[in-house]
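Inspection log for the structure reproduced underneath, given as structure tokens.
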Amino acid sequence: MPASLPRTIAEHYRPHRHHYWYARIKLATDPLYAGVIDALRDSREPLLDLGCGIGLLAHWLRASGFAADYHGVDNDAAKLEAAVESTRHAQLDRVSFTHVDLASGFPEHEGSVTLLDVLQFVPPAEHARLIDAAIDSLTIDSVLVIRSGLQRPGWRLRLTRAVDRFSRWWGWMNAGPQRYPQRADLEAAFEARGVEAEFEPLRGRTPFENWLIVVRLGVGSNRIQAQDGHGQQSRETDPGEVGNQHPASDPIVPEERPYRRDHNEVEHDDVKHGEVDAAQAEE
Ligand SMILES: C[S@@+](CC[C@H](N)C(=O)[O-])C[C@H]1O[C@@H](n2cnc3c(N)ncnc32)[C@H](O)[C@@H]1O
């Protein structure tokens, strides 16, 4: 990646100075997005970005040559507006955003999923449902990429929590951190679903407690993976298995609010500030 990429992407957030500097600093210091690109390198499947924030991943993906559909969801209307505006300004194709509260809903999707620095803001009681729904979305050639701090002793997690609390106090986040997941709980959840997971520290030059967790459907997956005669995956499931075990994986879109389906198909005027405000007011 050219060293100038963080600045190039940040320019699409002007004139919002806060978003501009956040994008520049985050992209220059955090190895997160490069780590995601690495995990996605063999996949051409559509990507669902859970808790997409201001849409930085969409910019980084396109700059890296990832051409599949990208769909971001978040429950922060102001961040979604920045995501829509910046990706429109950058003329990114096949990029869309929707207002979804992951504490109660999950968008219908088939393909890869990212969940980056989001879990700690979602009520802990919903973590298992969220991860199950993400696994239910996976196809054979796709990947679930989670970045999260893990609950363990040490100053890194204390610092991470303090910064997350400060972000809430400062107004950057619309919720404070609740609980960071335990590695053992995640491993148990992955094992129960028969998926393969790799855990790696991913901190780069940051002092935070961050791990990258890459999940794929393995041969032991209890998903029914059938191939039709053309080598295409069928998503048939046995009603007695996954579908009924994971009711949260049903398409739940209680607050779904399309922001932008495709920059080529939807005029910018269709994304009105009033819609964003209304979405916020519903929360
Ligand atoms: C630290 S930011 C990470 C943003 C983005 N994933 C990234 O890595 O650049 C956490 C994001 O999760 C979103 N979020 C938190 N709780 C959420 C919820 N219940 N439903 C949807 N999004 C949520 C926040 O609004 C915020 O954009």
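Restricting the stretch 138-217 to trypsin sites (Lys or Arg not before Pro) that sit in a DSSP loop and have at most 10 other Cβ atoms within 10 Å of their own Cβ leaves 205. Of the trypsin sites (Lys or Arg not before Pro) found in the stretch 31-79, those that fall in a DSSP loop while having at most 14 other beta-carbon atoms within 10 Å are 41, 44. Rounded to the nearest 20, the size of the Cβ-charge dipole of the stretch 113-211 about its Cα centre is 720 debye, with Lys and Arg at +1 and Asp and Glu at -1.
Eigenvalues of the alpha-carbon gyration tensor of the stretch 33-110, scaled by 5 and square-rooted, set the equivalent ellipsoid semi-axes at 19, 15, 10 angstrom, largest first. Each peptide in 87-94, 115-122, 104-111 gets a packing score, the mean of other Cβ atoms within 10 Å over its residues, and the list from highest to lowest is 115-122, 104-111, 87-94. Taking label points 7 Å from Cα along the Cα-to-Cβ direction, residue 165 and residue 185 give a separation of 1.9 nm.
Laboratory data are not the source of any read-out in this text; all were calculated from the coordinates shown. All figures in this text were calculated on a predicted structure; none of them were measured in a lab. Glycine gets a Cβ as well: all are built from the backbone with ideal geometry, and neighbour counts include every protein chain shown.
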